[in-house]
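Single-structure report; data block below.
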Amino acid sequence: MSKDTLFSAPQDSVKAFEFDQQVVEVFPDMIERSVPGYKTIIQGIGELAEKFVQLDTNIYDLGCSLGAASFSIRQKLIEPSCKIIAIDNSKAMVERCRLIQSSYNFDMSIEVIEGDINELTMENASIVVLNFTLQFLPISERLPLLKKINQALKPGGILILSEKLQMETAEMDEAIIDLHHKFKKRNGYSDMEIAQKRAALENVLIPDTRESHKKRFADAGFNHYETWFQHYNFVSFLAIK
């Protein structure tokens, strides 16, 4: 696993973050050292899929990156009648994801697609995963996507949505962000790396508040929704149709 040193040198002008080949090469290390509880979330996605999967249905991993969520689901499910469709708009991510997935032999089929999740036709779904994906979409596209997901899900189907949260007040937001920065420093990132990464993500990753997420779940037509995991300002929701 290559170490993430993308922001270790001072940059005169920090460019907007993108999931290019450089990021792909260090992505596992970047995620592990940057996202509190990431491994627990990935494990939980597989366990939730095991509980809620329905026979002869599709499972969608939207914004799959290197396929960690898809792989966790495939490890837990032994039902060959289901199919996983994993999609990402980063060519570099998709190519590496296909390479990783091809090295494993599972009965359940998986299709890795390069494309825009907003343009994907979804149907007959029992599980949809948005694992730190929605936060990268323009806010205007978020509710239409959740409505589309809800329509594609069968009754009793689930959406697993993991996101970075914005706290409800500026004081709370500042306190939790400080805890997250200390987490990153414990994992070897310097103050400069943290600052430059934050600048790169400033207009790329736009977090929502918890209340915004809950309202969007309701507006999209979900019957039940609740937080199943949280560590600092990183949260994962379970929404049931």
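The values are calculated or read from the model by the stated rules, or taken from the named source; none is laboratory data. Every value quoted in this text rests on a predicted model; they were computed, and no experiment measured them. Cβ placement follows ideal geometry from the backbone for every residue including glycine, while neighbour counts extend to all protein chains displayed. Surface areas here come from the heavy atoms of the whole protein model, side chains and all, with no ligands, DNA or RNA. Shrake-Rupley method; radii C 1.70, N 1.55, O 1.52, S 1.80 Å.
Solvent-accessible surface of the chain, averaged per residue with a 1.4 angstrom probe and all protein chains in place: 48 square angstrom.
Ordering F132, I240, M122 by Cα displacement along the dipole of the chain toward the positive end leaves I240 in first place; charges were set at the Cβ atoms of Lys, Arg (+1) and Asp, Glu (-1). Ligands, DNA and RNA left out, the accessible area of segment 53-106 computed with a 1.4 Å probe is 50% carbon and sulfur.
Cross-link partners of K182 among aspartates and glutamates, defined as those whose alpha carbon lies under 12 angstrom from its own and excluding same-chain residues fewer than eight positions apart: D191.
Rounded to the nearest 10 degrees, the inclination of helix 191-201 to the longest alpha-carbon principal axis of the chain is 50 degrees. Note: relative contact order over segment 102-189, using C-alpha pairs below 8 Å and six or more positions apart, is 32 percent. Note on K214: aspartates and glutamates with a C-alpha under 15 Å away, same-chain residues under 8 apart excluded, are E163, E168, E226. DSSP bridge analysis restricted to the chain gives an antiparallel fraction near 40%, rounded to the nearest 5. Can you compute the helix-only [θ] at 222 nm over the chain? Use -39500 (n - 2.57) per DSSP H run of at least 4 residues, normalise by all residues, nearest 500 deg cm²/dmol. Result for the chain, helices only: -13500 deg cm²/dmol.
Taking a ≥ b ≥ c as the square roots of the eigenvalues of the Cα gyration tensor, segment 90-241 is classed as oblate, since a/c reaches at least 1.5 and a/b does not exceed b/c.
Which of rounded, prolate, oblate describes segment 73-162, given a ≥ b ≥ c as roots of the alpha-carbon gyration tensor eigenvalues and a/c under 1.5 marking rounded, otherwise prolate only if a/b is larger than b/c? Oblate, because a/c is 1.5 or more while a/b does not exceed b/c. Candidate cross-link partners of K76 among the lysines, defined by an alpha-carbon separation under 20 Å and a same-chain spacing of 8 or more, comprise K39, K51. What angle do you read, to the nearest 10 degrees and between 0 and 90, between the alpha-carbon axis of helix 210-220 and the longest principal axis of the chain? Tilt relative to the chain: about 30 degrees. Model label sites at E171 and L205, defined 7 Å from Cα along the beta-carbon direction, differ in position by 2.6 nm.
Rounded to the nearest 10 degrees, the angle from helix 91-102 to the longest Cα principal axis of the chain is 50 degrees.
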